[in-house]
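Enquirer: So that we are looking at the same thing, I have put the structure below in structure tokens.
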Amino acid sequence: MPYTHYHPVYLHLTGRAITLVGGGFVAIEKLNSLIPTGARITVVSPEISPEVQAWVSEGTITWIPRAFEPRDIDGAFMVIAATNNPEVNAWVYKLGNAAQKLTNSVDDPVNCNFIMAAIAKSGPMQVAISSAGCSPALAQRVRNRIVSEILTENVGALAEFLGDRRPEVKATLPSYKIRQRFWEQVIDSKVPHVLASQGEEAADAEFRSMLRRAAVIAAEPQSVDPQKVYIVGAGPGDPGLITVRAAEILRRADVVLYDRLVNPILLGYAPPGAECIYAGKDRGTPGRGRQQSIHDQLIAHAQRGKVVVRLKGGDPFVFGRGGEEILALAQAGIAFEVVPGISSAVAAAEAAFIPVTHRGISTAFAVFAGQEADDKAGDGIPWAAAAAIPTAVFLMGVERLPLIVERLLEYGRDPSTPVAIVSNGTLPNQTVVTGTLEDIVSLATECVPPAAIIIGEVVRVREKALALAVQVVASAA
Ligand SMILES: C[S@@+](CC[C@H](N)C(=O)[O-])C[C@H]1O[C@@H](n2cnc3c(N)ncnc32)[C@H](O)[C@@H]1O
């Protein structure tokens, strides 16, 4: 559907004259958003509702108690037609538009030279949302999400806090680029949290120490301030399962080093100019060399003053070598932050309706590195524990399934123990194969990595849930 390309602006209406034609509930809605701007509002209408009357009585707005006449728009900066008569509204628009006034006829985009957006507001922060008339309901939905997830009360308070300090920062840090980076650092620092939890004084102390440090660095022309490296979990596969914090950090990235199992859609969160570097560990390069090269890249980019995100599948500390990376960064004197992610160790099972713990069935679960499985003794896997724990989850194990099964049986696990193999868990191409330790090897010939192998009675919960769901559907049909 063709739609109008509106250009959003924020109008400074304080002291400006607005003529609002109509005095019913539509007018009330407009007055609610216009009165806080401090505009001089005149309502023209033979009758007005009690709410409008209250504003008139307290002197907030002026009322002309008669039908609209063309002279009512003289001197007005903005004209709003909010009667319940479309013909009157169209006439008001015609006059206002011809007189080059900002004119809006409520709920009638054809008779408007500007439209009013849905507003999300917290203190001085305001977001105006419009669907250009295509779907006000969708615009409202987007607005509600912004209000509940982004423009929370704390954001408004933070905006005021930062606004109060702008002149000082401008005077202290000479270059625009340095100031821009400083503000990014403040927003990303403890300051917002301290402001929300301990108040302005404590936040100010934190802010001041950052400003002093930035001033020292700015005084050394050749130096760059090494940035933090963020070790970030990307979740198990479904891009919707990334955390809010991870998405927020990605939006500020200069460099993203990402792994093979990271959903490429998530790279879209990074700014258009960000450098996205594939750091997946495909076969061919020796493991230690690859990992060392990743450490070197993280350090080098951070030392060049870049915001570096190391994006890893699942959780960075679950078979993700995130621990090695923070040690290397610490050794190099680079600051870091770890952002946990949802691990496939639980998410793949969950996506297949398998709870890794379940009252009365499993009070413990453990996750094992399947690729370590070896027929030699001392492969590093605590097989006795794996055979005894109520739920054993093996990652990276699909190619070694026969060996894993053999070892578990050897260590005394009951051959009738249920097993599920969830490949591409949480993704549209997810597949699930279930069996028991006795027959899973022959059933799983088509299973592909990435896959999680779940061993334990909890697998029966899936079967039960699916059977009950079928019954529910059948009884509803
Ligand atoms: C190197 S490990 C990394 C694990 C990751 N750090 C985590 O917390 O999910 C990679 C293994 O995770 C498992 N995995 C990752 N994504 C998966 C998915 N979507 N479904 C099933 N298993 C997955 C597979 O066993 C894969 O071989």
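Rule-based calculations on the coordinates, nothing more; no lab input. Being a predicted model, the structure only gives us computed values, none of them experimental. No Cβ is skipped: glycine too gets one built from the backbone with ideal geometry, and neighbour counts run over all protein chains shown.
Enquirer: For segment 376-393, state whether one or more residues are under 25 Å from Gly320 (Cα atoms), within 16 Å of the ligand (Cβ to nearest atom), over 30 Å from the mean Cα position of the chain (by Cα) and among the β-branched types (Val, Ile, Thr).
Expert: Yes, the conditions are met somewhere in segment 376-393.
Enquirer: Among the residues of segment 442-457, which ones are away from the ligand (no atom under 13 Å from the Cβ) and within 22 Å of Phe365 (Cβ to Cβ)?
Expert: First, the residues of segment 442-457 that are away from the ligand (no atom under 13 Å from the Cβ): 442-446, 455-457.
Those that are away from the ligand (no atom under 13 Å from the Cβ) and within 22 Å of Phe365 (Cβ to Cβ): Ala444, Ile455, Gly456, Glu457.
Enquirer: Take the residues in segment 407-429 that are under 24 Å from the mean Cα position of the chain (by Cα) and surrounded by 14 or more Cβ atoms within 10 Å (Cβ to Cβ), then tell me which one is nearest to the ligand (Cβ to nearest atom).
Expert: Gly425
Enquirer: Being closer than 12 Å to Val79 by Cα and polar (S, T, N, Q) is the filter here, so list the residues in segment 1-47 that pass it.
Expert: Once the filter is applied, which keeps residues that are closer than 12 Å to Val79 by Cα and polar (S, T, N, Q), segment 1-47 yields Thr19, Thr42.
Enquirer: Out of curiosity, is Arg260 within 16 Å of the ligand (Cβ to nearest atom), of a type outside the set (A, V, I, L, M, F, W, C) and over 20 Å from the mean Cα position of the chain (by Cα)? Before the answer, list the steps.
Expert: Details: within 16 Å of the ligand (Cβ to nearest atom): yes; of a type outside the set (A, V, I, L, M, F, W, C): yes; over 20 Å from the mean Cα position of the chain (by Cα): yes.
Judged against the criteria, Arg260 is a match.
Enquirer: Exactly one condition in (1) aliphatic (A, V, I, L, M); (2) assigned to a helix (DSSP H, G or I); (3) under 29 Å from Val367 (Cβ atoms) is not met by Ala300; state its number.
Expert: (3)
Enquirer: Look at Ala364 and say whether it is within 22 Å of Tyr230 (Cα to Cα), out of contact with any Leu (no Cβ under 9 Å at 6 or more places or on another chain) and either more than 9 Å from the ligand (Cβ to nearest atom) or β-branched (Val, Ile, Thr) (or both).
Expert: Values: within 22 Å of Tyr230 (Cα to Cα): no; out of contact with any Leu (no Cβ under 9 Å at 6 or more places or on another chain): yes; either more than 9 Å from the ligand (Cβ to nearest atom) or β-branched (Val, Ile, Thr) (or both): yes.
It is false that Ala364 is within 22 Å of Tyr230 (Cα to Cα), out of contact with any Leu (no Cβ under 9 Å at 6 or more places or on another chain) and either more than 9 Å from the ligand (Cβ to nearest atom) or β-branched (Val, Ile, Thr) (or both).
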